[in-house]
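Below is one structure, written out as structure tokens; the observations come after it.
Each value in this text was obtained by applying a stated rule to the coordinates, not by laboratory testing. Because the structure is predicted, anything quoted here is derived from the model rather than measured. Ideal geometry is used to build each Cβ from the backbone, glycine not excepted, and the neighbour counts take in all protein chains shown.
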Amino acid sequence: MITVRLPDGSQREFDTPVTVAQVAANIGTGLAKAALAGKVNGDVVDTSYLIDKDSDLAIITDKDAEGIDVIRHSTAHLLAYAVKELFPDAQVTIGPVIDNGFYYDFSYKRPFTPDDLVAIEKKMTELAKKDEPVTRKVMPRDEAVAYFKSIGEAYKAEIIASIPADQEVSLYTEGKFTDLCRGPHVPSTGKLKVFKLMKLAGAYWRGDSKNEMLQRIYGTAWAKKEEQEAYLHMLEEAEKRDHRKLGKQLDFFHFQEEAPGLIFWHPKGWSIWQQVEQYMRKVYQDNDYQEVKAPQILDRGLWEKTGHWDNYRENMFVTESENRSYALKPMNCPGHVQIYNSDMRSYRDLPLRYGEFGQCHRNEPSGALHGMMRVRGFTQDDGHIFCTEEQIAEEVTAFHAQAMAVYAAFGFENIDVKLALRPDSRIGTEESWDIAEESLRSALRACGVSWTELPGEGAFYGPKIEYHLKDSLGRAWQVGTVQIDPSMPGRLGAEYVAVDNSRKTPIMLHRAIVGSLERFIGILIEHYAGALPLWLAPVQIAVLNISDAQAEYAQAVAQNLKKQGFRVHLDLRNEKITYKIREHSVQKLPYIIVIGDKERDAGTVAVRARGNVDLGVMPVDLLVERLKNEMDTKA
């Protein structure tokens, strides 16, 4: 007798081994029809998987995240099937699932075209409608190598040949197409109904630039048409909000080939930077951080002690002077430890909090650079807290409150908190990891928040809490983090005198709220589509005159507003007022003031808010009161 335990606590008993599909059918015809895969004892498997012992089972449908992954993985294979039908000489390589979709890499004698994508997608639809079963078989490695060589699939043969000889591999077949894959897959192609091919790109075989350039086809797949339409609409909106386009349109910054991965800030963009930095500087001050500044370039010997020279060297910019090797710092923590080590510390000094707007450089591959979101030079709101183990939970709790207040001030209300736990490759004792992980859990419990745990995703030296913001399009951005590091202080000789006069190594907490200021500003620009709130806007108010007769009064109003601390642009050009209003509206300014004879004679101003909202005529003092309230509340 085999017992199958279901998620609702019920169980089913069978006299003989049963497949996942048979269990689903035993539960009900509706579930049998909806089943895409199963989760047996925590592992996702095909519906054809045979259960031959007592097991826990969950039936996976398109309502489950795992179900969507199975759909996308299977659609990648459907793509390869269609390509082989249309272009028999093409060779298939790999086709994994990615966020919101999938891709597959091909080797072919000519570049694919947009017209080819249309034809391939049409063929995919035809093949899916055939509702051909997807079947799995297992084959010894050498037999599989011979099989793929016999059908001219050299890349598949190479992949399989890299597997140990005593292992078996699984192959999946649908119709006339067979592919190497671990699975699982949908039971038949008819389950694949909502998909779209998105774009073409190049990709080196095995990611090595010395190898052949393959052709990558990206696609997306969903359970329901409405979900795909919503995703495509989001992409359209994201294209409109692209910070690179808006940065040029609004004269914030630019990039150029002479400085790849680095930003040329224009006055308006640098104004945004200053607002973010000064706000974060006040957060430092209000929470008892001491602001410090460490050198940009440090000797190789220090990076060898931290382990970066051996493990991170390819990402560092290196230089030499007088027969000594140096590196531009890729992170700020070693410098902060040197500041800590500059004096003898006592337990009475802890916790000791350092903060720095530290500029870092990382030698990112050129293909990975992406506007402000992935750069080679960036500045972090970086901080490090030196404390005892007993102080970890309290410090993390305080940091969480700081972070949530900052995100709210910048207009982010939907925050996911995640806890990344010990990876397989790590340093330190199991006991130290237990203490570190439980300290973070304790802090999150004290904050009254829910969180998702990410096993295996912590840093090699310690666990970390991550803060993922969701922007106005629902996209998630990981920005803030707080990490426990019991390792680096010891490697760099940091100590404090304990209560019993013994020397102990402090714990170091790495913390950042917005992370890279460059990236965070890019997120802000896209979140607000360039229409930044008043307190961040580089130009807050434009003062426009209708004719020269109001020029003197307009100048006085602008000067008054500047004295009140506002960023004002005075436009006295001899242009039609409608033209000037339209031009400044395109620049997404929060407020436009229009002054005519009536306003001049009455000592008032006509005010328009962003979005062509007419606020009417009011005294300047009343306008200033309104603006200051908006600035203070960060509305």
Using the 10 angstrom Cβ neighbour count as an exposure proxy, how do Leu561, Leu350 rank, fewest first? Leu350, Leu561
Rounded to the nearest 10 degrees, what's the angle between the helix 225-241 long axis and the longest principal axis of the chain, both from Cα atoms, 0 to 90? 40 degrees
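Which translational diffusion coefficient, to the nearest whole µm²/s, is obtained for region 1-122 from the Stokes-Einstein equation, given a Kirkwood hydrodynamic radius over C-alpha pairs, 37 °C and 0.692 mPa s? Walk me through the numbers on the way to the answer.
On the way: Rh = 16.5 Å.
Estimated diffusion coefficient is 199 µm²/s.
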Rounded to the nearest 10, the angle in degrees between the Cα long axis of helix 141-150 and the longest principal axis of the Cα atoms of the chain comes to 80 degrees
For region 1-107, what relative contact order do you get, as a whole percent, if you take Cα pairs closer than 8 Å and at least 6 residues apart? 21 percent
To make sure I understand the rule: partners must be aspartates and glutamates, Cα under 14 Å from the Cα of Lys245, and not fewer than 8 residues away in the same chain. Which ones qualify? Glu236, Glu237, Glu526
Expected sort for Lys210, Lys225 with the fewest Cβ neighbours (10 Å cutoff) up front is Lys210, Lys225
How big is region 227-304 on each of its three principal axes, counting only the C-alpha atoms and giving the largest first in Å? 52, 37, 32
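Given N residues in region 488-544, what is Rg(Cα) / (2.2 N^0.38 Å)?
2.17
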What angle, in degrees between 0 and 90 and rounded to the nearest 10, separates the Cα long axis of helix 65-86 from the longest principal axis of the Cα atoms of the chain? 70 degrees
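Using the 10 angstrom Cβ neighbour count as an exposure proxy, how do His336, His266, His584, His233 rank, fewest first?
Working: His336 27, His266 16, His584 21, His233 11.
Ascending Cβ contact count within 10 Å gives the list His233, His266, His584, His336.
Which of rounded, prolate or oblate describes region 148-199 when judged by the alpha-carbon gyration tensor and an a/c cut-off of 1.5?
Working: a/c = 2.21, a/b = 1.79, b/c = 1.23.
Judged from the Cα gyration tensor, region 148-199 comes out prolate (a/c at least 1.5, a/b above b/c).
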How long, wide and thick is region 485-579, going by the Cα atoms along their three principal axes, in whole angstroms, largest first? 80, 29, 17
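Considering Cα pairs under 8 angstrom that are at least six residues apart, work out the relative contact order of region 550-618 and quote it in whole percent. Write down the numbers at each step before the final one.
On the way: 63 pairs, mean separation 16.3, N = 69.
RCO, region 550-618: 24 percent.
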Using the Karplus equation 6.51 cos²θ - 1.76 cosθ + 1.60 (θ = phi - 60°), what ³J(HN,Hα) coupling, rounded to whole Hz, does each residue of region 576-585 give in order, writing x for Gly and Pro? 4, 4, 4, 5, 5, 4, 4, 5, 6, 5
Among the lysines, which fall within straight-line cross-link reach of Lys562, defined as a Cα-Cα distance under 27 Å, with same-chain neighbours fewer than 8 residues apart omitted? Lys248, Lys268, Lys282, Lys576, Lys580, Lys588, Lys598, Lys628, Lys634
Taking region 24-65 as the region of interest, what is the percent of Cα-Cα pairs per 5 angstrom bin, listed from the shortest bin to the one with the maximum distance? 6, 24, 34, 26, 9, 1
In whole Å, what are the extents of region 411-554 along the principal axes defined by its C-alpha atoms, from largest to smallest? 79, 37, 28
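If we count every other residue with Cβ under 12 angstrom of Pro260's Cβ, Lys/Arg +1 and Asp/Glu -1, where does the sum land?
Values: positive: Arg374, Arg376; negative: Glu257, Glu258, Glu364.
Within the 12 Å Cβ shell, the charges total -1.
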Rg/Rh for region 283-432: what does it come to with C-alpha atoms and Rh from Kirkwood? 0.98
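Once you charge only the Cβ atoms, +1 for Lys and Arg and -1 for Asp and Glu, what is the size of the charge dipole of region 351-444 about its Cα centre, to the nearest 20 debye?
Dipole about the Cα centre, nearest 20: 580 debye.
Rounded to the nearest 20 Debye, what is the dipole magnitude of region 390-505 about its Cα centre when Lys and Arg each give +1 and Asp and Glu each give -1 at the C-beta?
Numbers: 11 positive and 18 negative charges, 57 e Å.
In total the dipole reaches around 280 debye.
Sorted by packing (mean other beta-carbon atoms within 10 Å per residue), highest first, where do 535-544, 305-314 land? Before the final figure, lay out each step's value.
Details: 535-544: 22.9, 305-314: 14.5.
My ranking of the peptides, most packed first, is 535-544, 305-314.
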Using only alpha carbon pairs under 8 Å that are at least six residues apart, calculate the relative contact order of region 379-465 and give it in whole percent. 41 percent
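Kindly state, to the nearest 0.05, the FRET efficiency for Asn629 paired with Gln296, given R0 = 35 Å and r defined as their beta-carbon distance.
Numbers: r = 41 Å, r/R0 = 1.17.
The calculated FRET efficiency here is 0.30.
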Centroid-to-centroid separation of region 1-29 and region 544-619 [C-alpha atoms, Å]: 73 Å
Which of the lysines could a cross-linker bridge to Lys63, judged by Cα under 17 Å and excluding same-chain residues fewer than eight apart? Lys33, Lys39, Lys191, Lys193, Lys224, Lys225
Picking from Gly301, Val283, Asn612, whose Cα lies most toward the positive end of the charge dipole for the chain (charges on Cβ: Lys, Arg +1; Asp, Glu -1)? Asn612
Column: log10 I(q)/I(0), Debye, Cα scatterers of region 419-474, q = 0.12, 0.27, 0.29, 0.31 Å⁻¹: -0.31, -1.08, -1.17, -1.26
Relative packing of peptides 383-389, 500-506, 469-475, 120-126 - highest average C-beta neighbours within 10 Å first: 383-389, 120-126, 469-475, 500-506
Within the P(r) computed for region 309-350, what percentage of the Cα pairs occupies the region above 17 Å? 51 percent
Which value, in debye to the nearest 20, describes the size of the charge dipole of the chain about its Cα centre when Lys and Arg Cβ atoms bear +1, Asp and Glu Cβ atoms bear -1, and nothing else is charged? 1500 debye
Descending packing, highest mean Cβ count within 10 Å first, for 25-34, 622-631 is 622-631, 25-34
Given the C-alpha centroids of region 44-121 and region 301-344, what is the distance between them in whole angstrom? 44 Å
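Cα gyration tensor of region 160-251, axes a ≥ b ≥ c as square roots of the eigenvalues: rounded (a/c below 1.5), prolate (a/b > b/c) or oblate?
oblate
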Roughly what % of Cα-Cα distances in region 374-490 sit above 20 Å, to the whole percent? 44 percent
Dipole of the chain (Lys/Arg Cβ +1, Asp/Glu Cβ -1, origin at the Cα centre): which of Ile98, Pro533, His384 lies farthest to the positive side? Pro533
